[in-house]
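Quick notes on the structure that follows.
The values are calculated or read from the model by the stated rules, or taken from the named source; none is laboratory data. Predicted model only: the values in this text are computed from it and were never measured. Glycine also receives a Cβ, built like all others from the backbone with ideal geometry; neighbour counts cover every protein chain displayed.
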Amino acid sequence: MNKKITLIPGDGIGPEVAQGAVQTLKKVGEKFGHNFGIETVLAGGCAIDACGQALPSETLESCKVSDAVLLGAIGGWKWDNLPGDKRPETALLQLRKELSLFAALRPALLFEDLADACPLKPEIIEGGLDLLVVRELTGGIYYGERGYKETALGKAAYDIELYSEGEVRRIAHVAFSMAMKRKRHVTSVDKANVLESSRLWREVVTQVSKEYPEVTLNHLYVDNAAMQLVRSPRQFDVILTGNLFGDILSDEASVITGSIGMLPSANLSESGFGMYEPVHGSAPDIADQDKANPMAMILSVAMMLRYTFGLTQEADCVENAVKSVLKLGYRTPDIYKEGTSQKLVGTKESIRLITDKL
Ligand code: IPM
Ligand code: MG
């Protein structure tokens, strides 16, 4: 198989973990006889520094003509004081929109060997945790009209939450199809007791559910869902929700696995084209110190192989390599526990260990 991949290392720990993706692809290519051509481009803070734009047009062009995109992380303290429309994060939002990546799949999986990193009581997670947040990614309040106006109490700012039936329908289909491959349960999360947009959301999700009679559906208000996630997370299989609630709940879901440094994600378009990225973000506090966990990035490569390229065996192989390095007790600082037999390793060593297992 010949594939062209655009790699956006980005900011903070992005470039360090991106090395893990490069080396994994090299090894998988050799082992299974594929040719992965990687083009590395700039986006985010580093692009602002280099050319004054968070998303240079060459970067977008490269993504558009590639078979998939891999992204490290974007953003950092250095650019925190830029105005909203000039921040590094705009690159991410533009990429999502321009590439029509309306579906974010954010799995939260408790790795067997990391169960002690979970911040919840053992009895709450007994039997394991394996849920998938399906977040709508190109609509809602992130992309609604925004602005300022004058009010009696002074300047006011607004951001509009708007969802069309079509937007809800297509993300609901993604959630139900994913549920069919899992435990066949969807929890749709909204705020239908208050928001009109949520009432439409609920109505459309209920309609779509009729096409998936084998999948059970329930609805939760977002405040309750946030609570249930820490109180009894094992009730969830697929969580289907909008852009803003999905942003919040996917962080919560990832942290209850105790391993935000471990979690990959996929952002998909209707055609299956995808941009894959670790969930953890740019972590500027540990950048350039060889401390970052490359596993989320490497597992994002596995998701790319599985979902966009249909390379199941190759994806399994990458995931197994990560699991066996964990089993051997190697840990980057984020998942390392002192006073145990675990072996503390840096980013580079972790990448080497994983690629050696491939
Ligand atoms: C995420 C991030 C982004 C988001 C930020 C960096 C714009 O938090 O991917 O979850 O809010 O979508
Ligand atoms: Mg987020």
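A few remarks follow.
- Screening Ser164, Ser188 for residues that are among the polar types (S, T, N, Q) and either surrounded by fewer than 19 Cβ atoms within 10 Å (Cβ to Cβ) or farther than 20 Å from Leu249 by Cα (or both) leaves exactly one candidate, Ser164.
- Which numbered condition Glu196 fails, given (1) surrounded by 15 or more Cβ atoms within 10 Å (Cβ to Cβ); (2) away from ligand 1 (no atom under 16 Å from the Cβ); (3) more than 15 Å from Asn243 (Cβ to Cβ): (1)
- Some residue of segment 92-107 being out of contact with any His (no Cβ under 9 Å at 6 or more places or on another chain) and farther than 24 Å from Gly246 by Cβ: no
- Near pairs, Cβ below 6 angstrom, 6+ apart or cross-chain, from segment 270-298 (closer than 14 Å to Pro9 by Cβ) to any residue that is within 16 Å of ligand 2 (Cβ to nearest atom) and of a type in the set (Asp, Glu): Ser282/Asp11
- When residues of segment 206-218 are limited to those that are in a loop (DSSP other than H, G, I, E, B) and in contact (Cβ under 8 Å) with a residue 12 or more places away in the chain, the one surrounded by the fewest Cβ atoms within 10 Å (Cβ to Cβ): Glu214
- A count restricted to segment 297-313 and to residues that are touching a Pro at 6+ places or on another chain (Cβ under 9 Å) and modelled with pLDDT under 95 stands at 0.
- The combined condition, being surrounded by fewer than 22 Cβ atoms within 10 Å (Cβ to Cβ), of a type outside the set (Val, Ile, Thr) and in contact with a helix residue (DSSP H, G or I) (Cβ under 6 Å, 6 or more places away or on another chain), is fulfilled by Lys291.
- Within segment 242-279, the set of residues being more than 10 Å from ligand 1 (Cβ to nearest atom), touching an Asp or Glu at 6+ places or on another chain (Cβ under 7 Å) and over 18 Å from Val318 (Cα atoms) comprises Gly242 only.
- Residues of segment 247-296 that turn out to be at positive phi and modelled with pLDDT under 95, as a count: 3
- Looking only at segment 106-142, residues that are closer than 14 Å to Glu252 by Cβ, of a type in the set (Lys, Arg) and either touching a Cys at 6+ places or on another chain (Cβ under 7 Å) or more than 16 Å from ligand 2 (Cβ to nearest atom) (or both) come to 0 in all.
- Condition broken by Asn293, with the remaining ones in (1) in contact with a Ser or Thr (Cβ under 7 Å, 6 or more places away or on another chain); (2) within 16 Å of ligand 1 (Cβ to nearest atom); (3) among the polar types (S, T, N, Q) satisfied: (2)
- Any hit, segment 219-232, residues being in contact (Cβ under 8 Å) with a residue 40 or more places away in the chain and crowded, with 21+ Cβ neighbours inside 10 Å: no
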